[in-house]
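One structure is given here, and the rest of the page talks about it.
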Amino acid sequence: MAILPDVTIMVPFQPLPLDQSDVQYAHGPDSFVQPGVPAGQLVEFGWDTSTVYPGTSRKFWVYVPQQYDPAEPASLLVVQDALWYTDPQGRVRAPVVLDNLISRGDIPVTIAVFVEPGVFEGAAEPKNRNAEYDAFGDRYVTFLLDEIIPQVTERYAITADPERWAVCGGSSGGNCSLTAAWLRPDRFRRVISFNASFAQMPGGNPYPELIPAGPRKPLRIFLAASHRDLGWHEPEGNWLSSNLRVAAALAEAGYDFRLVLGDGQHASTHGGVLFPDALRWAFAERVEEWPAEDED
């Protein structure tokens, strides 16, 4: 696992856009197929016998890197909204990024699981995405741990070390990922969240109050937010301020977290470009000593 270097980083000058209505970001080299880098395999599965979400069907894909060795259990990355991430020409290009980072040793050998939201086939309202992703509760993480991940672990060797289990998503998948790790830090301890939809969680965003209310959980959390996210200048339903409040609570509670602010609207444009660095940061070994938890 890579260790973050203790060096000074010079960031190249970039002019700030005056008009943030349609800001786009250029992908870096980690998001393109590189010569000589072995490509992993993407295996498709279907799942239509859920007991956690009865009546739903969905697909999920398992990425297996060329470097995978059954004798060496792999790290695990679980990603929500699979099709946003698996398109090699899309904004995130996750399999290409994983190929490059694993090949270079920037992250450990990692098996990734890309899960689509459930649908009710033939129903007037078929999509179950918001019900699964936006709810605060352990139903979705239970679904992952009891129904999806066992299908992966019965085929591939996955480490049991929660420090090497990451969960990732954007928009509603972003708050869903934090909720999964928040409620089950015994399994997931690395979180990557892009433009999370905290503002539309039923009952309101719970995290600004929850985070400082108890002992710090052993989580490392990467947050990305956009200056022109939905409702960015509104007193209610402000997706930008909801992300900032979560980040502020994490900072004040002493969490191992990183916040990256970008320009533009509610889209995966910025998150897709950040994805390689988010993975590197999430899986890097900790370089600071954090104070021990207060004991009762």
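Worth pointing out:
- The string of couplings for the range 41-52 from the Karplus curve (6.51, -1.76, 1.60, θ = phi - 60°) is 9, 10, 10, 8, 10, x, 8, 9, 10, 5, 9, 6 Hz, one whole number per residue in order, with x for Gly and Pro.
- For the range 91-213, the relative contact order works out to 20 percent when only alpha carbon pairs closer than 8 Å and six or more residues apart are counted.
- Principal axis extents of the Cα atoms in the range 6-106, from largest to smallest and rounded to whole angstrom, are 52, 40, 28.
- Rg ratio for the range 109-155: its Cα radius of gyration over 2.2 N^0.38 Å, N being its residue count, equals 1.34.
- A Cβ-based charge dipole, computed about the Cα centre of the chain with Lys and Arg at +1 and Asp and Glu at -1, lands at about 440 debye.
- Each residue of the range 97-105 is assigned a 3J(HN,Hα), and the resulting list reads 4, 4, 3, 5, 5, 5, 4, 7, x Hz, derived from the Karplus form 6.51 cos²θ - 1.76 cosθ + 1.60 (θ = phi - 60°), x at Gly and Pro.
- Here the Gaussian network model covers the chain, with springs between Cα atoms less than 10 Å apart; of Ala112, Ala131, Ala74, Ala131 fluctuates the most.
- Three-way shape call for the range 169-296 based on the alpha-carbon gyration tensor, with the a/c threshold at 1.5: oblate
- Per-selection Kirkwood Rh - the range 98-248 (Cα, Å, 1 d.p.): 16.6 Å
- The equivalent ellipsoid that matches the C-alpha gyration tensor of the chain spans semi-axes of 26, 24, 22 angstrom, in descending order.
- Choice from Ser31, Ser103, Ser226 showing the highest fluctuation, given a GNM over the chain with Cα pairs closer than 10 Å: Ser103
- Mean Cβ count within 10 Å, highest first, over the residues of peptides 218-224, 45-51: 218-224, 45-51
- For the chain, the 222 nm mean residue ellipticity estimated from helices alone, with every DSSP H stretch of n ≥ 4 adding -39500 (n - 2.57) and the total spread over all residues, rounds to -7000 deg cm²/dmol.
- Close amide-amide hydrogen proximity is noted between Ser50 and Gly55, Thr56, each under 5 Å apart and 5 or more residues distant or on a separate chain (H modeled in the peptide plane; Pro and chain starts excluded).
- Using only side-chain charges placed at the Cβ, +1 for Lys and Arg and -1 for Asp and Glu, the dipole size of the range 135-255 relative to its Cα centre rounds to 300 debye.
- Largest GNM mean-square fluctuation among Asn100, Asn175, Asn130, using the chain with Cα springs under 10 Å: Asn130.
- About its Cα centre, the range 1-85 has a charge dipole of approximately 160 debye under the convention of +1 per Lys or Arg Cβ and -1 per Asp or Glu Cβ, with nothing else charged.
- Farthest towards the positive end of the charge dipole of the range 5-76, among the residues Pro54, Ser75, Thr8, is the Cα of Pro54, using unit charges on the Cβ of Lys, Arg, Asp and Glu.
- Built amide H within the under 5 Å cut-off of Gly262, gap 5+: Ala225, Ser226, His227
- Lys/Arg +1, Asp/Glu -1 at C-beta; the chain dipole; positive extreme among Ala157, Gln66, Phe143: Gln66
Every number here is computed from the coordinates shown, using simple stated rules; none is lab data. Fair warning: this is a prediction, and the values are worked out from it, not measured in the lab. Note: ideal-geometry Cβ built from the backbone for every residue, glycine included; neighbour counts use all protein chains shown.
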